[in-house]
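The values are calculated or read from the model by the stated rules, or taken from the named source; none is laboratory data. All of these numbers come straight from a predicted model, not from anything done at the bench. Cβ: placed from backbone, ideal geometry, glycine included. Neighbour counts: every protein chain shown. To get the accessible areas, we keep the full protein, side chains included, count just its heavy atoms, and leave off ligands, DNA and RNA. Shrake-Rupley method; radii C 1.70, N 1.55, O 1.52, S 1.80 Å.
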Amino acid sequence: MQGNAIELRGITKRFGKVVANDRVDLTIRYGEILAILGENGSGKTTLMNMISGIYFPDEGEILVDGEPVSIRSPRDAFPLGIGMIHQHFKLVDVLTAAENIVLGLPGSTRLDIAKVATKVQKLTEKYGFELDPFKKIYEMSVSEKQTVEIVKMLYRGAKILILDEPTAVLTPQETVKLFSVLRNMRAAGNAIVIITHKLNEVLELSDRVSVLRRGRYIGTVDTAGASIASLTEMMVGKRVELNIDRELPVNPVRRLSVNDISCVNADGIITLNHVSFDAEGGEILGIAGVAGSGQRDLLEAIAGLQPVESGEIDFFPPQGDKQDLTKLSAVEISKLGVKLSFVPEDRLGMGLVGPMDMVDNMMIRSYRKGGMFWVDKRTPKTLAEHIISELEVSTPGVSTPVGKLSGGNVQKVLVGREIASSPTVLMVAYPVRGLDINSSYTIYRLLNEQKKKGVAVLCVGEDLDVLLALCDRILVMCGGRVTGIVDARTTTKETVGMLMMRDGRDEEP
Ligand code: ADP
């Protein structure tokens, strides 16, 4: 197939006062991979949701194959050959891949599942997917589930496929496989759209890039003529230095020693399986893994927020004897200088109180530290003001309730406050999720400053490129186990990716 698959003309979409898309024009062609690039909140998902029938535009026109169309629900999108793969999959766990693929199709209950499986196999062979049609969803990895979603769309005849941040949940190796499948789909004449904020992916995969900034369409360029710097400038609107300084650790000293700890959650599932490692003051220890591999549980166990079944966690303070944290409460651990800044899932749950303003939120931490209530509001106010200016928090002022701020700004308040509490061990999870590029680099700079001060920084991250550039060592987890600890300066993405997939059941750790 040739020519334009979709043309968007002057598309505007508002949510209350927010203009998510402001007169956006866009062309999607058959036989190409188009990347939609933009910072968080720039309107990428909203725009694509209008093509797939989730939202209806307030203004503007959508043409499919040159004809104006009205797409009022996903049901309208299917016959037009449009299929969207969302970040959260909508599959039925107890059914097989093949059953899920036909679910909801007219007469699907009467379909001969063996015939369906044969058709599925033809599709997977054609494009190079690996998929067992008879496997149940609950037995599948995230990557396999994503494959089911894609095949489901192809089975329904999709020739315009939109993928929303498809690699966010994949290992580097799985990403390579996905990209190869997408290239095969392009070669077969389909139109592929990939929503992303990862510049490396754009450069590696796409033919053209369309950039959105704050809901506005900035422009489209050929990927061949683009660079990380040129695309960042389009995204952000100005030149940005994308360097993370990394110095060698100076006089690293052991601060934390985790010895063979195991944890079991309320459902009886093992979340941490014989985990051991040391963290040193003066270094940034990255923690990598596919989402849900135990990264969060590990930080929670250290912070005293998850009971430890067996093993021991020792803290070596700058002065005094080693402390056994295993038996201490979360508040006692925090008082010792082991600080946890958890983001983003429960940003507001982890010690920030939504209805309270910034000043009061600063005091919660101060209160815990000093052990007495702080009546003098000046110091926390100064701290709040400092965080606002240093991290460019966008808020009407220090007395605005924290719960009214956007996710990225809440993030900044939380990380800023934890750092201001002069930790000895600073643990952060996904510290830049939801932040724009500039703020992300501010956070990296702050973490590096902490490292230079001799703080032991533990950082759970999801962007391997960033972990490789920021950290000194990287601890890799899979299935609640530590599958390796590597030198971030010398390792490769592939090595870390291999460790992310090694569940330890069939290999020696
Ligand atoms: P992106 O995909 O680029 O991260 P989105 O399309 O998700 O951006 O969001 C664009 C803007 O629209 C953001 O300010 C977001 O908060 C807002 N927005 C998106 N969906 C909704 C919604 N359902 N209700 C209210 N605001 C929304």
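A few comments on the model shown:
- Among the residues of the stretch 68-90, those that are crowded, with 16+ Cβ neighbours inside 10 Å and out of contact with any Pro (no Cβ under 7 Å at 6 or more places or on another chain) comprise V69, I71, A77, F78, L80, G81, I82, G83, M84, H86, F89.
- Those residues of the stretch 56-84 which are in contact with a Lys or Arg (Cβ under 9 Å, 6 or more places away or on another chain), in a loop (DSSP other than H, G, I, E, B) and more than 20 Å from P166 (Cβ to Cβ), in sequence order: F56, P57, D58
- Among the criteria (1) in contact (Cβ under 8 Å) with a residue 24 or more places away in the chain; (2) over 20 Å from the mean Cα position of the chain (by Cα), the one N243 does not fulfil is (1).
- Annotation: of all residues in the stretch 44-62 being open to solvent by less than 10 Å² (accessible area, probe 1.4 Å) and within 22 Å of the chain's Cα centre (by Cα), the one that is nearest to R214 (Cα to Cα) is L47.
- Within the stretch 225-249, considering residues that are out of contact with any strand residue (DSSP E or B) (no Cβ under 9 Å at 6 or more places or on another chain) and part of a helix (DSSP H, G or I), the one surrounded by the most Cβ atoms within 10 Å (Cβ to Cβ): T232
- Here the condition is being crowded, with 21+ Cβ neighbours inside 10 Å, in contact with a Phe, Trp or Tyr (Cβ under 6 Å, 6 or more places away or on another chain) and of a type outside the set (S, T, N, Q); of A384, A429, it holds for A429 alone.
- The stretch 443-453, residues that are over 12 Å from Y430 (Cα atoms) and open to solvent by less than 30 Å² (accessible area, probe 1.4 Å): L446, L447, N448, Q450, K451
- Residue in the stretch 21-29 that is modelled with pLDDT under 95 and within 8 Å of the ligand (Cβ to nearest atom) present: no
- Any hit, the stretch 33-52, residues being part of a strand (DSSP E or B), out of contact with any Lys or Arg (no Cβ under 8 Å at 6 or more places or on another chain) and away from the ligand (no atom under 16 Å from the Cβ): no
- When residues of the stretch 465-490 are limited to those that are open to solvent by less than 20 Å² (accessible area, probe 1.4 Å) and assigned to a helix (DSSP H, G or I), the one farthest from L242 (Cα to Cα): L467
- Hits in the stretch 190-205 (condition: open to solvent by 10 Å² or more (accessible area, probe 1.4 Å) and either away from the ligand (no atom under 14 Å from the Cβ) or in a strand (DSSP E or B) (or both)): N190, L199, N200, E201, L203, E204
- Residue check for L182: modelled with pLDDT of 95 or more and part of a helix (DSSP H, G or I): yes
- Annotation note: of D93, D65, D112, the sole residue that is within 20 Å of Y30 (Cβ to Cβ), away from the ligand (no atom under 16 Å from the Cβ), open to solvent by 10 Å² or more (accessible area, probe 1.4 Å) and of a type outside the set (V, I, T) is D65.
- A Cβ distance below 6 Å, combined with a sequence gap of six or more or placement on separate chains, defines the contacts here; from the stretch 378-405, residues that are outside any helix (DSSP H, G or I) reach residues that are small (G, A, S) and crowded, with 20+ Cβ neighbours inside 10 Å in the pairs L391/G416; V398/A384.
- Only one of N21, N100 that is buried (at least 17 other Cβ atoms within 10 Å of the Cβ), touching a residue at least 60 places away in the same chain (Cβ under 8 Å), outside any loop (DSSP other than H, G, I, E, B) and not assigned by TED's automatic domain parsing to the domain that holds I437: N21
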